[in-house]
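For reference, the structure is listed below as structure tokens.
Just so you know, all these numbers are worked out from the coordinates, no wet-lab data involved. Not measured: the values here are computed from a predicted model. When we count neighbours, we look across all protein chains shown, and the Cβ atoms used for this are built from the backbone with ideal geometry, even at glycine.
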Amino acid sequence: VDPLGEQVDTTSMDTAAIDAHAHGKLVRNLLEAQLDMEGATGEKGAGGAAGADKGIIIGKKKGEGAAASKTDVIKLRGAIQTLCQSCNPLGRCLEYVHEDLEAMKKELDHWKGVRRVKLTELAEAEAATEASLVQLQRELALAEQDVAEKCEQIRFYKAAVVKNDAAIEKLLAQVVEVKSA
């Protein structure tokens, strides 16, 4: 495009051979539209009016005066002003997005560090708990063993008492028999 925006360089768009596989659908449609427009301008130049209603033609319609174009410029100016008023706050917000992202990244790194520290503390606490539990489990096993030994002694002494009671009854029975006879 030249500096005034009047002329478009279309040498890169070879419209002689539109290859269906070389371009995407959008490019193919644009190339076909360009071929149609070139064909329409060729027919118009040759006196044909069949292609005159195809494509977008930018320009003034006949019969419109300066008032209509001035109204269009005023409407366009108002639309541009509204667009700028809507986009400027968004643009300012977007300027701060990078700063916010950096702050959020720093905060994420901080919390990841806190998590690592807390996981280390948790592992140390679990290891200390396991170490103290090992000692307590040993003491519990010894206590259970003592209880079992004491229960065994109690059963032994109960059996001895029952045996002695039987012996005493037998002796008393003999003493009573001797006195009665």
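Below are the figures for this structure:
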{"quantity": "Long-range tail of P(r) for the stretch 87-181 (Cα pairs > 23 Å, %)", "calculated": "71 percent"}
{"quantity": "Charge tally in the Cβ shell below 11 Å around Asp146, where Lys, Arg are +1 and Asp, Glu are -1, Asp146 excluded", "calculated": "-3"}
